[in-house]
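Values in this text are rule-based calculations from the coordinates and carry no lab data. Computed from a prediction, not measured in an experiment: that's the story for all the values here.
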Amino acid sequence: MTMPPAAAATPTHIAVLDDEPDITTLLATYLRAQGFRVTPLHSGAALMALMAGGDAPQLVLLDLGLPGEDGFAIARQLREHWHCGLVIVTGRGDPIDKVVGLEVGADDYVTKPFDLRELLARIKAVLRRLGPPPAAAAPLAMAAPVAAPAAEARERFRFLDWTLDAAARRLDHARQGEIALTGGEFELLAVFVRHPGRVLSRDFLLEQTRGREAGPFDRTIDVQVGRLRRKLEASAPQQGGELIIKSVRGAGYMLVPAVERP
């Protein structure tokens, strides 16, 4: 039987928000040459309109230094209302700004001036952690039978009242429902549930979540753990995030509760 031709892959959509036209033009030209679809933007209002429409990007490159706008507030809005990759690309190199950027939900933080190849590597790393868009797999079910997924793709982990589904890349609480996680937070929690009751060093967590794309600043794994703790505590405050992910002074972190694989 003749199979219909496979549909061309849809290019990943990236929004570039920067008030400097030279920067948006440079990034748009470079990323389009790498196969991405790029929408240059120059204001937070334009980004919010794009996100609310029917063509939201999979990843946003966000400059913090927008005239008359709070870049951190824009980042916070993205995290509260949309599931997308977020890389802050800014001239603010102060360590406090970097920490705040990660705390409000950025997946990575790149300072200007930047190397285009390094930025591309970081973009690809964030997209890998996010996984394919949910709609991308839908046509396959109608086109032809699909082989059984690999064992690791069917992984589910239960601890206390939470269930982490590796295939769906989602965390659910028995009473609160789905808990929104960034790509980095999901990867971090996935490492913990695969190694429950073991003290995991910061270097190990960094290698498992960032791999070769890790840079010197990625040592702020503490910020990411803190962000994950707060989300767990917010979904079940009576259990307390600190009791779930324990800090082991001078050694790293440990997932305390037992983990089941149903």
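According to the square roots a ≥ b ≥ c of the eigenvalues of the Cα gyration tensor, what is the shape class of the range 12-84, taking rounded for a/c under 1.5, prolate for a/b larger than b/c otherwise, and oblate for the remainder?
oblate
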Under 18 Å from the Cα of K124 - aspartates and glutamates, other chains or at least 8 residues apart: D107, D108, D115, E185, E187, E207, E213, D218
At 0.36 nm per residue, minus the direct Cα-Cα distance, what do R32 and K246 gain on full extension? Give it in nm, one decimal, please. 72.7 nm
Pull up all non-local amide H partners of V110: gap of 5 or more, or a different chain, and H-to-H distance under 5 Å with H placed in the peptide plane. I88, V89, T90
Expected vector for the range 102-115, Karplus 3J(HN,Hα) from phi with 6.51, -1.76, 1.60 and θ = phi - 60°, integer Hz, x for Gly and Pro, equals 5, 5, 7, x, 5, 7, 7, 9, 10, 9, 7, x, 10, 8
The range 13-134, relative contact order in percent, only Cα pairs under 8 angstrom and at least six apart counted: 22 percent
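Shape verdict for the range 13-134, please, from the Cα gyration tensor: rounded (a/c under 1.5), prolate (a/b greater than b/c) or oblate. It would help to have the intermediate numbers written out before the result.
Working: a/c = 1.18, a/b = 1.08, b/c = 1.09.
Note, shape of the range 13-134 comes out rounded.
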